[in-house]
Amino acid sequence: MAHAPPQRDVFLLLALALAAYANAFQGAFQFDDYNVIVLNPRVQSLAAWWQSMPGIRPLLKFSYALNLSSGLGLFGFHLFNLALHGANGILVYRVLRAFARRAGMEQHGEQAAWFAAALFVVHPINSEAVTYLSGRSMSLMTLFYLGSLLAYVRRAENGRGAAWLSPALFAGALLVKESALTLPLALLLWETTDRPRPNAVHPELVEGRTEFLAARQGWHWALLAAGLLAIAASPTYRWMLAASWTVHPLSESLSAQPHAILYLAGQALRIVSLNADPALPWTPSSGVESAVVAAALLFGLAQLRRRPWLGFGLTWFFLQLLPTHTLWPRLDAVNERHFYLAGIGLFWLAGHAASRLAEYGKPWWWRLAAALLIVALTVATAQRNSVYRDEISFWKDVAAKAPHNPRAFNNLGYAYSQAGRAAEAERAYRRALALAPENLRASANLRALGKTVEE
């Protein structure tokens, strides 16, 4: 039977979120924020949002309209995003506690769940879904996604909660971001990690398990079908699909994904190399990269019954990347905000490993090491937040870490130009043109400075 997490643990997670993101309130609008928030007429007021309906991602746009109507400016946007992240940290903790009980992990499972949630809260890779304001698409979707999963688990374990709650929250996730379509598969993943056994609340779990699961998950699968039909019927989505596949054909996109997935997983360790616009080349993955990804996925699936903690963590990671790293077309090979939901699986594995290692030594050593790691990641996140304070610092960071990225130098040049730093703007524009001579935006921006491309 589920038990509420200790209030101390919950408050500590919230305190960590505030410590990691306190300086995020200094952040400015950046990059995609202008297209989806600042210059988007559909979200400038609640009335404008209503008049724009029906449209894609309505709940996400509603949240933007709500912020813009609040009069709180950037502070309101950052406060909303931080509140989302704190709530998600609590949901991660509760979901993983429930999984630890399911896997029979008892006391060390509680420690593993909390440590994984703490990593989720303070790790700088998640700053793109928190400090980067339009990264809210991931954090808001995750709130509904994990809420739906937790509602499903609570009702399955002890019959608590209304039957409609989990499907309703799933619908909310879909209305924020279409990548929430993986939720029915996540429910199957959850059920796969447990063998049928007697259940006082639902004895039908033992006999007729398939029928029971069909009844329990029927609305989720119906919503999945409805979501896929809505995507197929939407002119906007059809246009997006056509445009993306024109730039990167399906075969090219699929061949690049193993490298992109390994890059994204590696960013969890390369915390000083985090990059909001890495411009990862669309080159075919090597045979070794493809083999590593396939082997990790198959290994995770094979461990679902033998070592549920391991199978769940690995499979969850790949499952959450399914929409963005398979058939769904993309203009960029990878974005770090997609780690936000997927990374929960890897954080769980780290939490489990740490809690097991603690059993072989003195507990206070484990607590000290865990505390030091959490402090270090909190500091790293605060440093990462400082990149978002203005557009010059943002694009300087991108250009330094991706010197092959012409978009970074063009945007850096524009930021310099807006700040009245013409000489630095010219150098940035010329660097963009050296990388991509056909870059029309850089050419136009250079002429706007009164310079010619040939100089």
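All of the numbers you see were taken from the coordinates with simple rules; none came from a lab. The model shown is predicted, which means the values in this text are computed figures rather than measured ones. Backbone-built Cβ (ideal geometry, glycine too); neighbour counts: all protein chains shown.
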For q = 0.15 Å⁻¹, Debye-computed log10 I/I(0) when each Cα of the range 1-155 counts as one equal scatterer: -0.81
Overall dimensions of the range 391-448 by Cα: Rg and Dmax, Å: 9.8, 27
The range 28-42-the range 74-109 distance, computed between alpha-carbon centres (Å): 29
Neighbour net charge for Ala432 - beta-carbon separation under 9 angstrom, K R +1, D E -1: +4
The chain, helix-only ellipticity at 222 nm - DSSP H runs n ≥ 4, -39,500 (n - 2.57), divided by all residues, nearest 500: -22000 deg cm²/dmol
Average projected area [Cα convex hull, the range 43-86], square nanometres: 3.0
Size-normalised alpha-carbon gyration radius of the range 262-328, reference 2.2 N^0.38 Å: 1.26
Per-q log10 I(q)/I(0), the range 354-455, q = 0.10, 0.15, 0.23 Å⁻¹ (Debye; single scatterer per alpha-carbon; no solvent): -0.44, -0.64, -1.08
Neighbour net charge for Ala342 - beta-carbon separation under 14 angstrom, K R +1, D E -1: 0
Computed FRET value (nearest 0.05) for Val247 with Ser273, which takes r as the C-beta separation and R₀ as 22 Å: 0.30
Summed side-chain charge close to Gly135 - residues other than Gly135 whose Cβ falls under 13 Å, Lys, Arg +1, Asp, Glu -1: -1
Pair Arg447, Ala214: separation of 7 Å Cα→Cβ label points (nm): 6.5
5 Å binning of all Cα-Cα separations within the range 1-82, expressed as whole percents from 0 upward: 3, 14, 19, 18, 13, 11, 10, 8, 4, 1
³J(HN,Hα), Karplus 6.51/-1.76/1.60, whole Hz, each residue of the range 234-248, x for Gly, Pro: 7, x, 5, 5, 4, 5, 4, 4, 5, 5, 5, 6, 5, 6, 10
Total charge dipole magnitude, the chain, about the Cα centre, Cβ charges on Lys, Arg, Asp, Glu only, Debye to nearest 20: 580
Residue-span extension gain [Phe299 to Arg238] - 0.36 nm each, minus C-alpha spacing: 18.4 nm
Once exposed loop chymotrypsin sites (Phe, Trp or Tyr not before Pro) are cut out (DSSP; at most 14 other Cβ, 10 Å), longest piece of the chain: 165-359
Cα principal axis extents for the chain, largest first, Å: 79, 55, 52
Kirkwood Rh (inverse of mean 1/r, distinct Cα pairs), the range 287-392, angstrom: 16.5
For the range 66-123, the spread of Cα positions along each principal axis, largest first, Å: 49, 19, 11
10 Å-binned pair-distance histogram of the range 229-290 (Cα, whole percent): 19, 35, 31, 14, 0
